[in-house]
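The values are calculated or read from the model by the stated rules, or taken from the named source; none is laboratory data. Just so you know, these numbers come straight off a predicted model, no measurement behind them. Here the Cβ is made from the backbone with ideal geometry for all residues, glycine too, and neighbour counts use every protein chain on show.
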Amino acid sequence: MKSVRVLHTEWSDGWGGQEIRIISEMIAIREHGVEVFLACRDKSQIKLKAIEKNIHVFTMPFGGNVDFKTIFALRKVVKEFDIDIINTHSGKDTWVGGIAAKLSGIKFIRTRHLSNPIKKNRLNFINELADFIFTTGEKVKEDMIKNNRIDPSKIQSIPTGIDTEIYNPKNFDRIRSRKFFELPDDHIVIGIIAVLRQFKRHDLFLEMSRDLLRKFPNKKFVFIIAGDGPQKESLLEYSKKLNIESNVRFLGHVDNVAELLSAIDIFVLSSDSKEGVPQSVMQALLMEKYVVATSSGSTEDLLHDNNFQLVSADSRKALTEGVSSFLDFPEKRNIGCYVQENFSRTVMVKKIIHIYNRILS
C-alpha cells in the first residue's frame, strides 16, 4: 500500500516559531511512514533547514496570491510525485497551494499559525475551500469559525508538539549550562527566546528589565535575549537608551534551546499578538522554569493549576509584577506535567495522522 505523501508549502523566508513548527512536524510525521516534501522560495531559511534534514525541496517564486507560474509548478510536482495532500502555511502560499490542490483533485489542508484576525471579506474565501484546517491554538480556531465561515467539523487546534526527550531537565546540569553560555552563577538570569520581530515586544522585555533593576537594587540580574531578526539593531540601541546594556546579553540565534533554558531562572514571553500556542512557553514549562507570559493568542491554552503567570499583553507593568511575584515568593510548582500530557510531539503526531486518514478515506 502506498504511503501518504504530503507537500508542504511556505512563502516566508524567515526563521521563527512557524518555520520551526513546519520542519519539526514534517520530521515527526516522516518517522511514522508519511513521505514529506517542501515547496518554498529559493532564498528562504526554511529551505536550508529542510535540506539539512534530508527533506525533498522544490523552490518556486510564490510571487502572489494568483501566481500562475507557482500554481503550475505545484501541479507538476503533485503529478510527478503522486502527492495526496498539499498543506499550506502562510497567506500567499495558501492561495497558490490551495488552488493547485483543487485543480489537481487532491486534498488541501491549511495550517493557520498566527492569531491575528483574517479579513472577513467574502473575497477572502481560500480558507473555506480547504478540506481541513489545523490551527496552533483554540482561540485561532474559534475566531475562524466565528469570523471566517469555517465549518466546525473541518477545523481542529493541533499545537506544536514538543519533544519531551529533548526538553527534559534531568538531562542537564545548571552549573555546566551556565558555564557554556558564560553566565555568572550568582546572578538571577531572566530570558526571552524569540525571533526579533516587532510583535514579540522585546522593547517591553527591556523596559521590564530596567524596572526590575530599580525595584530590586540588591539583587544581581542578567537579562538574556536569544534570537535573531530585523529588530536587532534597534533593540541594541534601546538597551543603551535605557542604560541597562551592561545587564543585557544578546545571544543571537541559539540552536541548543533546552540547554539555555537549563541555565536561566525565569522565562518571559512578552508578545502582544499573533501567537498560537507558543512553543517557547511549552519548552520552558517542560524544563520546569518559572514562566511569565502575556495573554496573546492562545497562550492561555497552556494554563493549568496555576502552572505559570499569565499577564496582560502590551503591559510593562504586568510583566514586571509577574516576574516580581517569583522573586518575592519563590515556591515549587508542578509545572511540566500538563504540557507533557497534552502538548507533546507524540500527541501532535497522533492527531495529524488521524486527520490525514479521515480526509483521505
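For this structure, a couple of remarks:
- Taking the range 301-322 as the range and being at pLDDT 90 or above and over 25 Å from T135 (Cβ atoms) as the test, the residues that pass are S315, R316, K317, A318, L319, T320, E321, G322.
- Tally of residues being at pLDDT below 95 and surrounded by fewer than 20 Cβ atoms within 10 Å (Cβ to Cβ) across the range 68-94: 1
- In this entry, S315 passes the filter for residues that are of a type outside the set (K, R), surrounded by fewer than 24 Cβ atoms within 10 Å (Cβ to Cβ), out of contact with any Asp or Glu (no Cβ under 6 Å at 6 or more places or on another chain) and touching a residue at least 12 places away in the same chain (Cβ under 8 Å).
- Residue tally, condition surrounded by fewer than 17 Cβ atoms within 10 Å (Cβ to Cβ), out of contact with any strand residue (DSSP E or B) (no Cβ under 8 Å at 6 or more places or on another chain) and either among the aromatic types (F, W, Y) or at pLDDT 95 or above (or both), over the range 233-255: 8
- Where strands (runs of 3 or more DSSP E) sit wholly within the range 126-244, those with at least 2 residues that are out of contact with any Leu (no Cβ under 9 Å at 6 or more places or on another chain) occupy 132-135, 155-157.
- Filtered residue count, the range 256-300, keeping only those that are out of contact with any strand residue (DSSP E or B) (no Cβ under 8 Å at 6 or more places or on another chain), surrounded by fewer than 23 Cβ atoms within 10 Å (Cβ to Cβ) and at pLDDT below 90: 2
- Filter result for S177 (of a type in the set (S, T, N, Q) and touching a helix residue (DSSP H, G or I) at 6+ places or on another chain (Cβ under 7 Å)): yes
- Selection status of F223, touching a Lys or Arg at 6+ places or on another chain (Cβ under 8 Å), under 19 Å from H253 (Cβ atoms) and aromatic (F, W, Y): yes
- Residue match in the range 138-150 (condition: in contact (Cβ under 8 Å) with a residue 12 or more places away in the chain, surrounded by fewer than 20 Cβ atoms within 10 Å (Cβ to Cβ) and under 19 Å from A101 (Cα atoms)): no
- Out of V189, V195, sole residue that is in the same structural domain as N256 (by TED's automatic domain parsing), modelled with pLDDT under 95 and surrounded by 18 or more Cβ atoms within 10 Å (Cβ to Cβ): V195
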